[in-house]
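Right, one structure below, let's go through it.
The values are calculated or read from the model by the stated rules, or taken from the named source; none is laboratory data. Remember, predicted model here, so these are calculated numbers, not experimental data. Methodologically, a virtual Cβ is constructed for each residue, glycine included, from the backbone with ideal geometry; neighbour enumeration extends over all protein chains shown. Accessible surface is based on the protein model in full, side chains and every heavy atom, while ligands, DNA and RNA are left aside. Shrake-Rupley method; radii C 1.70, N 1.55, O 1.52, S 1.80 Å.
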Amino acid sequence: MDQFIQAVKDYFSRFAYDGGLAIVRTVAFLLLGLAIVRIVCLITRRVALKSRLDKAAATFVISVITVVLYIALVIVVVSSLGVSTAGIIAAFSAVALAVALALKDSLASLANGVIIIFTKPFKKGDIVMINGQEGTVQDIRLFNTKILTFNNEEVIIPNSDVLSETLINESNRPLRRVEIAFYVSYSADAVSLRAEMEKLLAENENILQSPAPRVVFDSFGESTVRCTAYAWAAIDSYTPAKLATRDIIYATLKKFGAEPSSRKFNVNVLGTKEDKDV
């Protein structure tokens, strides 16, 4: 019996000497670490989804925290085996640098996607103009933004282009102003025409009475007067208001016989437009 006990002691002594305790400790750290990572991820997901963050931002935060926790767990597990973590960190750095160089455009879109998600220059459902494309925002992703144009075309725009180009959010304010320029001949009664046009604009159901619609004389050419009609409308009624304003302008010009003769535009070297009647 004494020999058996001594043999068992010798076995565990050799096991400990050969690194058995390090293996057991590493397994314990691994199991405990996985449990902690799972608990932290569940808590983070619950908090993020209940916060004011939108779905994309919450998903991004959860993903980042999960990756960081797993990297930390790998470093702890490897360190418990007695392996130097300096080499591991250097290897991670080298891999990260290589990935960053290979995916620099994608990473730029990713960084801009994070900025868009957290600063919220626009949200899903907004009408925007990005890089010359106008439409309704359908989805905001980490790498790109999807909009649906008024021609029912889906356009995918990289987030690196979204913030580097001029961005116009047409839904950020409750009201929008319709602005349409037109020309009136000198032979017409421009004052009466303006009064009639403002009256018709004010009577339209899609155009707001406050601020009141108005028609102004912008400039005077050789044989025409350049005018602009201004009308305010709610965001949801902007398109009908714009169409109605065009119809009113056309009908009023016909009624007063104010259509100008044919004309052409001459653009000078400075890029400003001068009206030349012919």
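Looking at the stretch 157-174, which of its residues are buried (at least 17 other Cβ atoms within 10 Å of the Cβ) and aliphatic (A, V, I, L, M)?
ILE157, VAL162, LEU163
Does ALA72 qualify as being modelled with pLDDT under 70 and open to solvent by less than 70 Å² (accessible area, probe 1.4 Å)?
no
Can you confirm whether VAL61 is under 27 Å from LEU142 (Cα atoms), modelled with pLDDT under 70 and assigned to a helix (DSSP H, G or I)?
Working: under 27 Å from LEU142 (Cα atoms): yes; modelled with pLDDT under 70: no; assigned to a helix (DSSP H, G or I): yes.
In short, no.
Given (1) of a type outside the set (Lys, Arg); (2) in a helix (DSSP H, G or I); (3) more than 21 Å from VAL191 (Cα to Cα), identify the lone condition not met by THR245.
Unmet condition: (3).
Report the residue count in the stretch 131-141 for those that are modelled with pLDDT under 85 and open to solvent by less than 50 Å² (accessible area, probe 1.4 Å).
Residues in the stretch 131-141 being modelled with pLDDT under 85 and open to solvent by less than 50 Å² (accessible area, probe 1.4 Å): 1 in total.
Could you tell me which numbered condition GLU154 fails, if it satisfies all but one of (1) touching a Cys at 6+ places or on another chain (Cβ under 9 Å); (2) farther than 22 Å from ALA241 by Cα; (3) open to solvent by 70 Å² or more (accessible area, probe 1.4 Å)?
(1) is the only condition that GLU154 fails.
Based on this model, can you work out whether PHE150 counts as within 20 Å of the chain's Cα centre (by Cα), modelled with pLDDT of 80 or more and on the phi < 0 side of the Ramachandran plot?
Values: within 20 Å of the chain's Cα centre (by Cα): yes; modelled with pLDDT of 80 or more: yes; on the phi < 0 side of the Ramachandran plot: yes.
Judged against the criteria, PHE150 is a match.
Quick check on this structure: which one of LEU42, LEU53 is at pLDDT 65 or above and either surrounded by 13 or more Cβ atoms within 10 Å (Cβ to Cβ) or out of contact with any helix residue (DSSP H, G or I) (no Cβ under 6 Å at 6 or more places or on another chain) (or both)?
Details: LEU53 fails: at pLDDT 65 or above.
Among LEU42, LEU53, only LEU42 is at pLDDT 65 or above and either surrounded by 13 or more Cβ atoms within 10 Å (Cβ to Cβ) or out of contact with any helix residue (DSSP H, G or I) (no Cβ under 6 Å at 6 or more places or on another chain) (or both).
Out of the residues in the stretch 228-278 that are of a type outside the set (A, V, I, L, M, F, W, C) and open to solvent by 90 Å² or more (accessible area, probe 1.4 Å), state the one that is modelled with the lowest pLDDT. Even if it seems obvious, please write down each step before you answer.
Start the filter on the stretch 228-278 by keeping residues that are of a type outside the set (A, V, I, L, M, F, W, C), which leaves 228, 230, 236-240, 242, 245-247, 250, 252, 254-255, 257, 259-264, 266, 268, 271-277.
Now drop any that are not open to solvent by 90 Å² or more (accessible area, probe 1.4 Å), which leaves 236, 246-247, 250, 254-255, 264, 273.
On the way: ASP236: 86, ARG246: 94, ASP247: 94, TYR250: 92, LYS254: 89, LYS255: 88, LYS264: 37, LYS273: 40.
It comes out as LYS264.
Scan the stretch 186-211 for residues that are under 24 Å from PRO174 (Cα atoms) and open to solvent by less than 60 Å² (accessible area, probe 1.4 Å) and report the count.
Result for the stretch 186-211: 9.
Among the residues of the stretch 75-115 satisfying the criterion of being modelled with pLDDT of 70 or more, surrounded by 11 or more Cβ atoms within 10 Å (Cβ to Cβ) and among the hydroxyl-bearing types (Ser, Thr, Tyr), which is nearest to LEU163 (Cα to Cα)?
Only one residue tops the list, namely SER79.
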